[in-house]
Amino acid sequence: MMITLKKDATKRQVDAIVKKIHELGFAPHAQHGKELTVIGVIGENAVRTKDIFEAMDGVEVVTAISKPYKLVSREFHKENTVIELKNGLQIGGRQVVVMAGPCSVDTKERLLATAEAVKAAGAQVLRGGAFKPRTSPYAFQGHGEKALKFLADARKQTGLPVITEVMNVNDVKLVEEYADIIQVGARNVQNFDLLKAVGKAKKPVLLKRGLATSIQELLMSAEYIMTNGNYDVMLCERGIRTFETSTRFTLDLNAVPVMRHLSHLPIIVDPSHGVGIREYIPALARAAVAAGADGLLIEVHPKPEEALSDGPQSLLPDQFARMMLELRGIAASIGRAL
Ligand code: PEP
Ligand code: MN
């Protein structure tokens, strides 16, 4: 349920409304725009208290949000959310933000070289896995904290903020310390304890859609993060399982306009995992930008044959640079920068 305040609502009136929300056992979620105009009232059966709030001073109107996700919904927040990183980079605005780098961080030298290369081509965020969710327990599992330190070194050298995945509630504090964006991977999209934990973190979260997760389920997972206090959430389409076997997954670009309609959160597309084959990635990246994605997540490695994971879907730095040139033209044609 959401309470729309009168334009001239006083601080005393707003305080009284917030107090009442607490008294009734619900959580208030105020939207901090230029003016405070909407307060979300979140909790089971909150809508049953509609009449109480409608009668309060300073209230313009009280509206039920029909969806099973509330704070994530466009009903709650009309404008697109723009997330600002510590270095001032905005995600969800006019600029399409490209996050690129290796699937797994391997050596420091390679990471630094990759970071320099993707930066030169126009990437604005460096990606790199330290904790890797691997289907086989015998596959490389990530260099852990050592990799986080390399990412911090690469940030220092290049100025690029970094995104890296957290797999485990116990590692959230550690990853939060190093990362500018915390990634929750496809396999953890419904790890509700992890979602609650990153909801309490003070860094933006990129939440990936699961291999067999509906858009509505993804949005409810994002709600877990927001309702725990972290409003800086990005939704990431990374391909789903279908009957098709000629590609690794099927990138569901339907998700871009659908999520744009249903939610105000920034939308990121990961064509690297979505198709899983190097030569097809630029075409899908172009399509994602054309469909209106706010950002892309792309795997790049200077020696893919030696990569510790996802070599076959990693672009070489020069392929990445060429793709970026093409993307720029597409972005410009729909009034966006890249
Ligand atoms: C990754 O980004 O390297 C990754 C493991 O992604 P996903 O969770 O989408 O498989
Ligand atoms: Mn990968």
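If you check LEU206 against the conditions, is it open to solvent by less than 10 Å² (accessible area, probe 1.4 Å), among the hydrophobic types (A, V, I, L, M, F, W, C), touching a strand residue (DSSP E or B) at 6+ places or on another chain (Cβ under 6 Å) and within 16 Å of ligand 2 (Cβ to nearest atom)?
On the way: open to solvent by less than 10 Å² (accessible area, probe 1.4 Å): yes; among the hydrophobic types (A, V, I, L, M, F, W, C): yes; touching a strand residue (DSSP E or B) at 6+ places or on another chain (Cβ under 6 Å): yes; within 16 Å of ligand 2 (Cβ to nearest atom): yes.
Spelling it out, LEU206 is indeed open to solvent by less than 10 Å² (accessible area, probe 1.4 Å), among the hydrophobic types (A, V, I, L, M, F, W, C), touching a strand residue (DSSP E or B) at 6+ places or on another chain (Cβ under 6 Å) and within 16 Å of ligand 2 (Cβ to nearest atom).
Condition check ((1) open to solvent by 10 Å² or more (accessible area, probe 1.4 Å); (2) among the charged types (D, E, K, R)) across all residues:
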{"residue": "CYS236", "(1), (2)": "no, no"}
{"residue": "GLY274", "(1), (2)": "no, no"}
{"residue": "TYR280", "(1), (2)": "yes, no"}
{"residue": "SER314", "(1), (2)": "no, no"}
{"residue": "ARG336", "(1), (2)": "yes, yes"}
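Could you check how many residues of the range 117-139 are open to solvent by 20 Å² or more (accessible area, probe 1.4 Å), more than 10 Å from ligand 1 (Cβ to nearest atom) and either in a helix (DSSP H, G or I) or within 19 Å of TYR178 (Cβ to Cβ) (or both)? Step through it out loud before you land on a result.
Within the range 117-139, the subset open to solvent by 20 Å² or more (accessible area, probe 1.4 Å) is 117, 119-120, 122, 124, 131, 133-139.
This time we only want the ones that are more than 10 Å from ligand 1 (Cβ to nearest atom), so: 117, 119-120, 122, 124, 136-139.
Okay, now just the ones that are also either in a helix (DSSP H, G or I) or within 19 Å of TYR178 (Cβ to Cβ) (or both), so 117, 119-120, 124.
So the count comes out to 4.
Just to be sure I understand, how many residues within the range 90-111 are polar (S, T, N, Q), open to solvent by 10 Å² or more (accessible area, probe 1.4 Å) and either touching a residue at least 60 places away in the same chain (Cβ under 8 Å) or not assigned by TED's automatic domain parsing to the domain that holds LEU315 (or both)?
Count: 1.
Take the residues in the range 140-149 that are open to solvent by less than 40 Å² (accessible area, probe 1.4 Å) and either of a type in the set (Val, Ile, Thr) or away from ligand 2 (no atom under 13 Å from the Cβ) (or both), then tell me which one is nearest to THR107 (Cα to Cα).
ALA147
Answer yes or no as to whether LEU308 is open to solvent by 50 Å² or more (accessible area, probe 1.4 Å) and either within 16 Å of ligand 2 (Cβ to nearest atom) or in a loop (DSSP other than H, G, I, E, B) (or both).
yes
Quick one: is THR114 more than 15 Å from ligand 1 (Cβ to nearest atom), among the β-branched types (Val, Ile, Thr) and either open to solvent by 10 Å² or more (accessible area, probe 1.4 Å) or assigned by TED's automatic domain parsing to the domain that holds PRO266 (or both)?
no
Are any residues in the range 72-88 assigned to a loop (DSSP other than H, G, I, E, B), over 14 Å from the mean Cα position of the chain (by Cα) and surrounded by 13 or more Cβ atoms within 10 Å (Cβ to Cβ), and if so, which ones?
ARG74, GLU75, PHE76, HIS77
The values are calculated or read from the model by the stated rules, or taken from the named source; none is laboratory data. Computed from a predicted structure; not experimentally measured. So basically every Cβ, Gly included, is an ideal-geometry build from the backbone, and we count neighbours across all protein chains shown. Side chains are part of the model used for accessible areas, which takes the heavy atoms of the whole protein and leaves out ligands, DNA and RNA. Shrake-Rupley method; radii C 1.70, N 1.55, O 1.52, S 1.80 Å.
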